[in-house]
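The values are calculated or read from the model by the stated rules, or taken from the named source; none is laboratory data. These figures come from a predicted structure and were not determined experimentally. Positions of Cβ are generated from backbone atoms using ideal geometry, with glycine treated the same way; all protein chains shown enter the neighbour counts.
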Amino acid sequence: MVDGGIVKVDKTEFTECFRTVWTTPYIAKLALAAGIGGLLFGYDTGVISGALLYIREDFEVVDKKTWMQETIVSMAVAGAIVGAGVGGWLNDRFGRKPSILLADVLFFIGAMVMAFAPTPSVIILGRIFVGFGVGMASMTAPLYISEASPARIRGSLVSMNALLITGGQFMSYLINLAFTKTPGTWRWMLGVAGVPAFIQFFLMLMLPESPRWLYRHNRVEEAEAILRKVYPEDEVGQEIEQLKQSVENERAEEEFVGKDLTSKLKRAFGDRIFRRGLIAGITVQVAQQFVGINTVLYYSPTIVQFAGFASKSTAMALSLVTSGLNAIGSIVSMFFR
């Protein structure tokens, strides 16, 4: 808000983003490859809602015991918590690229385990593997995009990753609907997640490590070579100098605060400005969860059935409205960052 008015939408960065991606194949490949992680994240969030209807049909124990249904849904979330925690350490220790590759392997294993699961227990195991992948991807993909993309369009590309998450949710409902008449319905729904993971794995093999991570680990020549692919020749020198200064400032901060997690937390909560920002960020995330959108996405077709629409295909078709509005909301929010 400015003087009681509404800030005008600034489309300049997005125009520049589309122009740069269109004219620079390397950046387009980078954005697409890393962005698939967001697509996988969203797909996993939405796909279980439709698959659960048919899992209940095949396994009597799942149909009769609500806690079993909740376990199948929530184990991916539990795995994501662990994956996000471990992913932060893996990012710093081994790099962004290996972390994304590992997330893809976990996604693929989880998808295949669920697709061929003979019992509900094996489905739960597959959900845990997928959760590990979701957690690692949610930590790593935005980080990799932000560090490997040009500064002038960095915000837009990271926003695109968020859009792909909601796009993946919408796609999962479409795929659920497409497989409603196919034998082994829920196996196909859950197994399809292995396809984008497989594609991303091989695309990432052709991409380099994050230049920032390379610079921090004294692989300066490799970092500079990547920056020369991302930036025009007349901007490379300035970007290299800025990266050098940023890394040196970060190292100086670590020497002052300490590298271990305890020291960093003490620093965060000990400084009034950091503490206020941290509390505000955590509060927003917690409030977002209490809104209940995840519950709606995980159980949308079931909720529609409880509302009186007995047909599974009808329930999933109506659920498209929820995921579609979610995706539209993401698009609108990108213009008011």
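Test Val321 against the criterion of being at pLDDT 80 or above and either in a helix (DSSP H, G or I) or more than 17 Å from Thr45 (Cβ to Cβ) (or both), and give yes or no.
On the way: at pLDDT 80 or above: yes; either in a helix (DSSP H, G or I) or more than 17 Å from Thr45 (Cβ to Cβ) (or both): yes.
Yes, satisfied.
Exactly one of (1) under 30 Å from Leu227 (Cβ atoms); (2) at pLDDT 90 or above; (3) touching an Asp or Glu at 6+ places or on another chain (Cβ under 6 Å); (4) hydrophobic (A, V, I, L, M, F, W, C) is unmet by Leu101. Its number?
All conditions pass for Leu101, except number (3).
Collect the residues in the stretch 162-175 that are more than 18 Å from Ile293 (Cβ to Cβ) and either buried (at least 23 other Cβ atoms within 10 Å of the Cβ) or touching a Phe, Trp or Tyr at 6+ places or on another chain (Cβ under 9 Å) (or both), keeping them in residue-number order.
Taking the stretch 162-175 and keeping what is more than 18 Å from Ile293 (Cβ to Cβ), we get 174-175.
Answer for the stretch 162-175, where residues must be more than 18 Å from Ile293 (Cβ to Cβ) and either buried (at least 23 other Cβ atoms within 10 Å of the Cβ) or touching a Phe, Trp or Tyr at 6+ places or on another chain (Cβ under 9 Å) (or both): just Ile175.
Looking at Thr295, Thr262 in this structure, which one is surrounded by fewer than 15 Cβ atoms within 10 Å (Cβ to Cβ), at pLDDT below 85 and over 30 Å from Ala327 (Cβ atoms)?
Details: Thr295 fails: over 30 Å from Ala327 (Cβ atoms).
Within the list Thr295, Thr262, the selection yields Thr262.
For the condition at pLDDT 90 or above, buried (at least 24 other Cβ atoms within 10 Å of the Cβ) and among the basic types (Lys, Arg), what is the one hit in Arg187, Arg127? Explain how you work it out, then say what you get.
Working: Arg187 fails: buried (at least 24 other Cβ atoms within 10 Å of the Cβ).
Residue meeting the stated conditions: Arg127.
Could you give every pair whose Cβ atoms fall below 9 Å, whose first residue belongs to the stretch 235-246 and is under 15 Å from Leu214 (Cβ atoms) and assigned by TED's automatic domain parsing to the domain that holds Glu224, and whose second residue is small (Gly, Ala, Ser) and modelled with pLDDT of 80 or more, counting only separations of at least 6 or pairs across chains?
Ile240/Ala223; Leu243/Ala223
Taking only the stretch 303-313 into account, find how many residues are at pLDDT below 80 and of a type in the set (Val, Ile, Thr).
Counting residues in the stretch 303-313 that are at pLDDT below 80 and of a type in the set (Val, Ile, Thr) gives 0.
Here are the criteria: (1) touching a Leu at 6+ places or on another chain (Cβ under 8 Å); (2) buried (at least 23 other Cβ atoms within 10 Å of the Cβ); (3) of a type outside the set (Ser, Thr, Tyr); (4) touching a residue at least 60 places away in the same chain (Cβ under 8 Å). Tell me which single one Phe132 does not satisfy.
Exception for Phe132: condition (4).
Among the residues of the stretch 56-99, count how many are farther than 30 Å from Tyr215 by Cβ, assigned to a helix (DSSP H, G or I) and touching a residue at least 24 places away in the same chain (Cβ under 8 Å).
Just the residues of the stretch 56-99 that are farther than 30 Å from Tyr215 by Cβ, to begin with: 56-79, 81.
Imposing the further condition that a residue be assigned to a helix (DSSP H, G or I) reduces the set to 56-58, 60-64, 66-79, 81.
So of that shortlist, the ones also touching a residue at least 24 places away in the same chain (Cβ under 8 Å) come out as 58, 61-62, 68, 71-73, 75-79, 81.
Within the stretch 56-99, residues that are farther than 30 Å from Tyr215 by Cβ, assigned to a helix (DSSP H, G or I) and touching a residue at least 24 places away in the same chain (Cβ under 8 Å) number 13.
Test of understanding: among Ser172, Ser146, which residue is over 30 Å from Glu57 (Cα atoms) and assigned by TED's automatic domain parsing to the domain that holds Val77? Give the steps one after another, and end with the answer.
Values: Ser172 fails: over 30 Å from Glu57 (Cα atoms).
Of the residues listed, the single one that is over 30 Å from Glu57 (Cα atoms) and assigned by TED's automatic domain parsing to the domain that holds Val77 is Ser146.
Of all the residues that make up the stretch 221-243, how many are in a helix (DSSP H, G or I) and buried (at least 18 other Cβ atoms within 10 Å of the Cβ)?
Final tally of qualifying residues: 8.
Go through the stretch 186-237 and report how many residues are touching a Gly at 6+ places or on another chain (Cβ under 8 Å) and hydroxyl-bearing (Ser, Thr, Tyr).
The qualifying residues number 1.
So for the stretch 88-105 (the condition being hydroxyl-bearing (Ser, Thr, Tyr) and crowded, with 22+ Cβ neighbours inside 10 Å), does at least one residue qualify?
yes
Could you please let me know if Ala280 is part of a helix (DSSP H, G or I), farther than 30 Å from Tyr231 by Cβ, at pLDDT 75 or above and over 20 Å from the mean Cα position of the chain (by Cα)?
yes
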